[in-house]
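Chemist: A single structure is presented below for examination.
The values are calculated or read from the model by the stated rules, or taken from the named source; none is laboratory data. Just so it is clear, the model here is predicted, and its values are computed rather than measured. Note that we place each Cβ from the backbone using ideal geometry, even for glycine, and neighbour counts take in every protein chain shown. Just the protein is used for accessible areas: all its heavy atoms, side chains included, with ligands, DNA and RNA removed. Shrake-Rupley method; radii C 1.70, N 1.55, O 1.52, S 1.80 Å.
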Amino acid sequence: SSKTFWTTTGMFPQELIIGFPKCVKISKVAIQCYLVRTLRIERSTSKDPVSFEQCVEKDLQHREGQLQMEEFPLPEFQATYLRFIIKSAFDHFVSVHRVMAEGT
């Protein structure tokens, strides 16, 4: 829902894990967030959310008063879980408003 969001508790790093019902092929991940400075995306193909490996890490651009909208084209890979690690921020609290994964 565009009316909901996830917010951090004020210390970093913070993480958010998204699970799929089964292993899927992903070609692109997009995120809408606010005040995130450094973001890392990891994946796991395990049955449980363990054994993550890094896919991408990026420093995001600060946009005062606006949501950050970032797309991460990734080589097609399989994942059962995606872990988003907010390593640092432009403020004490940040928010994640939407996460999208494209693939099959």
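Chemist: From the residues in segment 83-95 that are hydrophobic (A, V, I, L, M, F, W, C) and not in a strand (DSSP E or B), which one is least open to solvent (accessible area, probe 1.4 Å)?
Modeler: Step by step, filter segment 83-95, then rank; the result is V94.
Chemist: A further question follows. How many residues does segment 46-55 contain that are open to solvent by 80 Å² or more (accessible area, probe 1.4 Å) and part of a loop (DSSP other than H, G, I, E, B)?
Modeler: 3
Chemist: Let me ask something else about it. For residues that are assigned to a strand (DSSP E or B), among the polar types (S, T, N, Q) and surrounded by 15 or more Cβ atoms within 10 Å (Cβ to Cβ), scanning just segment 1-42, find the one that is modelled with the highest pLDDT.
Modeler: Looking at the filtered set, the residue picked out is T38.
Chemist: Sticking with this one: Any residue in segment 56-70 that is open to solvent by 20 Å² or more (accessible area, probe 1.4 Å), in contact with a Cys (Cβ under 7 Å, 6 or more places away or on another chain) and in a strand (DSSP E or B)?
Modeler: No; the residues of segment 56-70 include none that is open to solvent by 20 Å² or more (accessible area, probe 1.4 Å), in contact with a Cys (Cβ under 7 Å, 6 or more places away or on another chain) and in a strand (DSSP E or B).
Chemist: Return the total of residues in segment 59-74 being touching an Asp or Glu at 6+ places or on another chain (Cβ under 7 Å) and either farther than 20 Å from T9 by Cβ or touching a residue at least 60 places away in the same chain (Cβ under 8 Å) (or both).
Modeler: Going through segment 59-74 one residue at a time, the tally reaches 0.
Chemist: Still on this model: Give segment 13-53 a look and list any residue that's free of Cβ contacts under 8 Å to residues at least 24 places away in the same chain and within 16 Å of P73 (Cβ to Cβ), or say none.
Modeler: Passing the criteria: none in range.
Chemist: Quick check on segment 71-82: of everything there that is within 11 Å of the chain's Cα centre (by Cα) and more than 14 Å from C23 (Cα to Cα), which residue is most open to solvent (accessible area, probe 1.4 Å)?
Modeler: E71
Chemist: Condition first: modelled with pLDDT under 95 and within 15 Å of Q32 (Cβ to Cβ). Now tell me which residues in segment 72-88 satisfy that.
Modeler: F72
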